[in-house]
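Peer 1: After the structure tokens below, expect a handful of questions from me.
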Amino acid sequence: MRVNLTFADYVDLGYSSVEADDFVVLARQAQRAVDSVTDYYYQDHVLADDPDQQRVDAYKAAICEQVDFIQATGVSSSYENGDDFNAITVGRLSLQPANHVTKDSMVGGVCKEAYRLLAHYGLLYRGRGSDLYVATHPQKDV
């Protein structure tokens, strides 16, 4: 996996929650999550060649937001959130997952802040060329 965010980028975009020593591991985890919701757009396209600098900055900022989210919560993937239950009550016993707040702050495996950035700049597009479209619309023989 080609890493698309450096620590210098992280700092230049105004983020400061993570130290340089911890950054590399967190950035890889964050980029994996962001790439999964962008359908790996910047794994298939060269980031430096993108003429839309706002889209590039939004992608990098989304990774930064995800880095900070992982640092703050310790949750780096959707399966770390546990089961889908919100709460269960049996008699006087009531159980609620400890990470319930974290789960509510994620959309598609990324934090809401990252998701909003990606959506605003069109990086969540799933049109005709997407894997989902191809998988759900059979090809017609010509």
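The values are calculated or read from the model by the stated rules, or taken from the named source; none is laboratory data. Keep in mind it's a predicted model, so treat the numbers as computed, not measured. In this analysis, Cβ positions are derived from the backbone assuming ideal geometry, glycine residues included, and neighbour counts consider all displayed protein chains. Ligands, DNA and RNA are stripped out before the accessible areas are found, and what is left, the full protein with its side chains, is counted by its heavy atoms. Shrake-Rupley method; radii C 1.70, N 1.55, O 1.52, S 1.80 Å.
Peer 1: Name the residues in the range 65-97 that are part of a loop (DSSP other than H, G, I, E, B) and either modelled with pLDDT of 75 or more or among the aliphatic types (A, V, I, L, M) (or both), would you? Lay out the reasoning, then the answer.
Peer 2: Residues of the range 65-97 that are part of a loop (DSSP other than H, G, I, E, B), as a first pass: 74-77, 82-87, 91-92, 96-97.
Scanning the range 65-97 gives Gly74, Val75, Ala87, Gly91, Arg92.
Peer 1: Can you tell me how many residues in the range 32-52 are of a type in the set (A, V, I, L, M, F, W, C), over 18 Å from Glu113 (Cβ atoms) and in contact (Cβ under 8 Å) with a residue 24 or more places away in the chain?
Peer 2: Selection size over the range 32-52: 1.
Peer 1: Could you count how many residues in the range 40-63 are outside any helix (DSSP H, G or I), open to solvent by 50 Å² or more (accessible area, probe 1.4 Å) and among the acidic types (Asp, Glu)?
Peer 2: Keep residues of the range 40-63 that are outside any helix (DSSP H, G or I), which gives 40, 45-46, 50-52.
Still in the list and also open to solvent by 50 Å² or more (accessible area, probe 1.4 Å): 40, 45-46, 51-52.
Filter once more, so that each one left must be among the acidic types (Asp, Glu): 52.
Adding up the residues that qualify gives 1.
Peer 1: Can you pull out the residues in the range 36-64 that are under 25 Å from Val75 (Cβ atoms), modelled with pLDDT under 95 and among the charged types (D, E, K, R)?
Peer 2: Within the range 36-64, Asp39 is the sole residue that qualifies.
Peer 1: Then there's this: Take the range 1-31 and flag every residue that is under 16 Å from Leu117 (Cα atoms) and in a helix (DSSP H, G or I).
Peer 2: Residues satisfying the conditions are Tyr10, Ala30, Gln31.
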